[in-house]
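Colleague: Right, I'll just put the structure down here and ask away after.
The values are calculated or read from the model by the stated rules, or taken from the named source; none is laboratory data. If you're wondering where the values come from, they're calculated on a predicted model, not measured in any experiment. Neighbour counts run over all protein chains shown; Cβ positions are idealised from the backbone, glycine included. The accessibility values were calculated without ligands, DNA or RNA, using every heavy atom of the protein model including side chains. Shrake-Rupley method; radii C 1.70, N 1.55, O 1.52, S 1.80 Å.
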Amino acid sequence: MPTRESMESNRFLKPVAHRVLRPELWRFTRRSVPRGVALGMVTGILAPVAQVPLSAVLALPFRANIPAAALTTFITNPFTTPPLWVAAYWIGRWVLRLDSHVPGSPIADTVAANASWLSWIMSEAAPATIVGLFVITIVFAVVGYFGSALGWRLWIARKWRNRRRSNLLEPAN
């Protein structure tokens, strides 16, 4: 792990080191961690490559915790991406109601009859998948934000409860 001094002296980071190395971006606080989790969800799902650097760069204007944002991007990996994209397609198809506007199911029939996958992907699957990815991203980011904020609150409440309990159990001198 690089040290703060090595990052400050790095020639590539030197022009922006004063912004990147601000302590509030690296401290785990009740406000910055949920922001980092939500930002990591967004970049992890929507960005196909360079998710960690993108989340680190976007953490600057949003004052999000950089480690939380970087770690949360790993929600997408080779095991979770295919089911995520399939779910995005079905959610997008449901949101766009692709077959509900016309009697019968012309899109499904066209897909079954058409052997050309490229035309199907460009005409029906791409819009549905993109819309589904945006819906999943919004839901995951909101749930991640509020879930991490709630988890933070419960963790701090437990620490206070244990501290109070230990103070009550100590004999007074």
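Colleague: If we sort 60-73, 138-151, 35-48, 78-91 on the protection proxy, mean other Cβ atoms within 10 Å, highest first, what's the order?
Modeller: Values: 60-73: 20.5, 138-151: 15.9, 35-48: 23.9, 78-91: 13.9.
Sorting 60-73, 138-151, 35-48, 78-91 by mean packing, highest first, produces 35-48, 60-73, 138-151, 78-91.
Colleague: Multiply the residue separation of R19 and I156 by 0.36 nm, subtract the distance between their alpha-carbon atoms, and state the gained length in nm to one decimal. Write down the numbers at each step before the final one.
Modeller: On the way: separation 137, 0.36 × 137 = 49.32 nm, distance 2.89 nm.
Once the chain is fully extended between R19 and I156, it gains 46.4 nm.
Colleague: On full extension of the chain, what length is gained from I138 through V95, given 0.36 nm per residue of separation minus the C-alpha to C-alpha distance? Walk me through the numbers on the way to the answer.
Modeller: On the way: separation 43, 0.36 × 43 = 15.48 nm, distance 1.39 nm.
Gain on stretching I138 to V95: 14.1 nm.
Colleague: Further, regarding this structure: Please work out how much length the chain gains when fully extended from L71 to L168, using 0.36 nm per residue of separation minus the C-alpha to C-alpha distance, in nm with one decimal. Write out the running numbers ahead of the final one.
Modeller: Working: separation 97, 0.36 × 97 = 34.92 nm, distance 3.83 nm.
Stretched fully, the L71-L168 segment lengthens by 31.1 nm.
Colleague: Based on the alpha-carbon gyration tensor of segment 23-99 and its eigenvalue square roots a ≥ b ≥ c, which shape applies: rounded if a/c is under 1.5, prolate if not and a/b is larger than b/c, or oblate?
Modeller: Details: a/c = 2.91, a/b = 2.21, b/c = 1.31.
It is prolate, given that a/c is not under 1.5 and a/b is the larger ratio.
Colleague: Whenever you get a sec, compute what percent of the accessible area on segment 25-88 sits on carbon and sulfur atoms (1.4 Å probe). All intermediate terms of the calculation are to be shown ahead of the outcome.
Modeller: On the way: 2600 of 3380 Å².
With neighbouring chains kept in place, the figure for segment 25-88 is 77 percent.
Colleague: Nearest 0.05, what FRET efficiency do A87 and V57 give at R0 = 22 Å with Cβ-Cβ as r? Write out the running numbers ahead of the final one.
Modeller: Numbers: r = 28 Å, r/R0 = 1.26.
Efficiency for this residue pair is about 0.20.
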